Amino acid sequence: MTFVIQPPVYRRDLLEALGRGYLMAGLDAVKDLVKPPFANYDIVVYFGCGLFSLPFLMHYVGKLRVDKTSFNFNIDPPFVSTLITTLSLLFSVYILGHIIAYVGSQIVEKTMDSLFGKSSTVVLCGTQVSRDDFRSMITGRLRKGLNGLMTKEQWFSTTVRVVAHAPLIPAYLALAYLEVYGYYRTRLSADVIASANEKIGGLGVKVPKIADGNEWFKPLEAVVANNNVVATARMYNYLVISGLFRSICLILLCSSWFELIYLIESLCGYAANDGLLMFGNDGTLPHLISFASICLIYLFSLFSYLKFQRRYVEDAVFAFVYVKT
């Protein structure tokens, strides 16, 4: 019996497919390798606001620094010491940004939520009133929020937040008197909310109806985040911008305290330190201008924070209603 060994038969299409598979796997590995470990929120909010706070720290408390405190570790060879020093500074700024963001969420965000309610609730209430009644609706929510702050259960947190915002209280009273609430004016309509409620009923999962008093926004947000990549990316941009302005609000709020103390010292005839925006001028009037300027910038930052919080909610509802299924 004779055995004939046939040469192996290679399929060109199979080899090309395998080659493309290995190539795509290699490209994905390279992408994962060069992908930055930080998200946009980390870079903009945490690292960016940490850097932004440094000029304020150096201006207000820079004279209090101790000469022996240093990031220079004097490690040989010198380039290793430089590398470690740079990394230590970068991580210190990043950690500082985290602290600012957390304190901002407690001092700025919680305060606004206590006064007006969650952004989703304010947006929903805005769809239930006419354009002429919008200001009176916000004023009513503000009065309700102020009454809720007086409860015994919240006395400690209320005291801390009122004291923290003390330099801005006159500005808040002026805004309430003038009824400046344009940052909360929504683009949603009652028809869009009705369509969203109809769509919720056909999801096949238990989601609360969109109504005041229900926790409806988080489930709706989760549906959009898990089914609409484009809308989620746009919402994420609003989240980054609102987080940025929230941290800036806290930095400016701390700055207003220093500016107020310097102004009071100047009014009492003491030699006060220079304010941040005095630009080398002396006297009580430049101190007053510096304090007023910091307060004004803070208010615009607060308006921006609330506006982008509102737009985040609006985009989530629009994406939920108008997405193609």
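The values are calculated or read from the model by the stated rules, or taken from the named source; none is laboratory data. Model, not experiment: these values are computed from the prediction. As a convention, Cβ positions derive from the backbone with ideal geometry for all residues, glycine included, and neighbour counts pool all protein chains shown.
Here are the numbers:
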{"read-out": "Wholly enclosed helices (runs of 4 or more DSSP H) of region 105-224 bearing at least 1 residues of a type in the set (F, W, Y)", "value": "110-116, 134-148, 155-164, 169-178"}
{"read-out": "Residue among I107, I99 that is touching a helix residue (DSSP H, G or I) at 6+ places or on another chain (Cβ under 7 Å), aliphatic (A, V, I, L, M) and at pLDDT 90 or above", "value": "I107"}
{"read-out": "Selection within region 283-311 - under 20 Å from N228 (Cα atoms) and out of contact with any Asp or Glu (no Cβ under 9 Å at 6 or more places or on another chain)", "value": "F308, R310, R311"}
{"read-out": "Number of positions in region 88-119 that are touching an Asp or Glu at 6+ places or on another chain (Cβ under 9 Å), hydroxyl-bearing (S, T, Y) and in contact (Cβ under 8 Å) with a residue 60 or more places away in the chain", "value": "1"}
{"read-out": "Residue in region 66-79 that is over 26 Å from V160 (Cα atoms), in a helix (DSSP H, G or I), at pLDDT below 95 and out of contact with any Phe, Trp or Tyr (no Cβ under 6 Å at 6 or more places or on another chain) present", "value": "yes"}
{"read-out": "Hey, N237 out of contact with any Lys or Arg (no Cβ under 6 Å at 6 or more places or on another chain), at pLDDT below 90 and not aliphatic (A, V, I, L, M) or not", "value": "no"}
{"read-out": "Candidates S266, S301, S290, S247 - the one that is in contact with a Leu (Cβ under 9 Å, 6 or more places away or on another chain), under 25 Å from F116 (Cβ atoms), among the polar types (S, T, N, Q) and outside any loop (DSSP other than H, G, I, E, B)", "value": "S301"}
{"read-out": "Qualifying residue in region 146-166 (condition: among the basic types (K, R), touching a Phe, Trp or Tyr at 6+ places or on another chain (Cβ under 8 Å) and either loosely packed, with under 15 Cβ neighbours inside 10 Å or modelled with pLDDT of 90 or more (or both))", "value": "no"}
{"read-out": "Of the criteria (1) of a type outside the set (D, E, K, R); (2) crowded, with 21+ Cβ neighbours inside 10 Å; (3) closer than 22 Å to L96 by Cα, which one L276 fails", "value": "(2)"}
{"read-out": "Residues that are surrounded by 15 or more Cβ atoms within 10 Å (Cβ to Cβ) and not in a loop (DSSP other than H, G, I, E, B), drawn from region 225-236", "value": "A225, A231, T232, R234, M235, Y236"}
{"read-out": "Pairs, first more than 17 Å from Y262 (Cβ to Cβ) in region 289-302, second part of a helix (DSSP H, G or I) and among the β-branched types (V, I, T), C-beta under 7 Å, six or more apart", "value": "S301/I248"}
{"read-out": "Residue within region 128-144 that is touching a Ser or Thr at 6+ places or on another chain (Cβ under 6 Å) and surrounded by 13 or more Cβ atoms within 10 Å (Cβ to Cβ) present", "value": "no"}
{"read-out": "Criterion: within 30 Å of G62 (Cα to Cα) and either touching a Leu at 6+ places or on another chain (Cβ under 8 Å) or free of Cβ contacts under 8 Å to residues at least 24 places away in the same chain (or both) - qualifying residue of N226, N281", "value": "N281"}
{"read-out": "Within region 250-273, tally of residues that are within 33 Å of the chain's Cα centre (by Cα) and under 30 Å from T111 (Cα atoms)", "value": "15"}
